[in-house]
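Below: the structure, in structure tokens.
The values are calculated or read from the model by the stated rules, or taken from the named source; none is laboratory data. This one's a predicted model, so the numbers in the text were calculated from it and none came from an experiment. Virtual Cβ from ideal backbone geometry, glycine too; neighbours counted across all protein chains shown. Calculation scope for accessible area: heavy atoms of the full protein, side chains included, ligands and nucleic acids excluded. Shrake-Rupley method; radii C 1.70, N 1.55, O 1.52, S 1.80 Å.
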Amino acid sequence: MEIISQLLPFVFLIAIMYFVIIRPQQKEAKARKAMIEALAKGDKVVTNGGFIVVIHKVEEKFLSVKMNDDVITKIARDAIARKYEDEA
């Protein structure tokens with residue numbers, strides 16, 4: 001009985017850490033992965049470097065993006081921070 005009463009606070013702490021730290025990170029990672037897989041030609045995205053670019057072509061591991069009318073370059077899918085939403 002003493003062992004259970006000694007282990008109960010640790011079990012409670014682990015449960016709190018799971019629901020406060022681990023589970024939200026897993027949900028965020030899952031949502032980010034779904035967002036990256038759903039990217040299509042013409043979507044505006046923000047890169048990790050802060051550039052706002054338009055997707056020109058979707059490839060398996062890379063994205064061809066248009067920085068302006070003349071510049072098209074490839075970036076890794078991991079370099080996408082988020083979709084850009086026009087705030088107008």
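Each residue in segment 48-88 was checked for being closer than 22 Å to residue 30 by Cα, in contact with an Asp or Glu (Cβ under 9 Å, 6 or more places away or on another chain) and open to solvent by 80 Å² or more (accessible area, probe 1.4 Å), and 1 pass. Any residue that is assigned to a loop (DSSP other than H, G, I, E, B), surrounded by 11 or more Cβ atoms within 10 Å (Cβ to Cβ), touching a strand residue (DSSP E or B) at 6+ places or on another chain (Cβ under 6 Å) and not hydrophobic (A, V, I, L, M, F, W, C) - is there at least one of those in segment 28-47? Yes, there is a match, as at least one residue in segment 28-47 is assigned to a loop (DSSP other than H, G, I, E, B), surrounded by 11 or more Cβ atoms within 10 Å (Cβ to Cβ), touching a strand residue (DSSP E or B) at 6+ places or on another chain (Cβ under 6 Å) and not hydrophobic (A, V, I, L, M, F, W, C). Checking each residue in segment 1-12 for being in a helix (DSSP H, G or I) and open to solvent by 100 Å² or more (accessible area, probe 1.4 Å) picks out 2, 3, 4, 6, 8, 10, 12.
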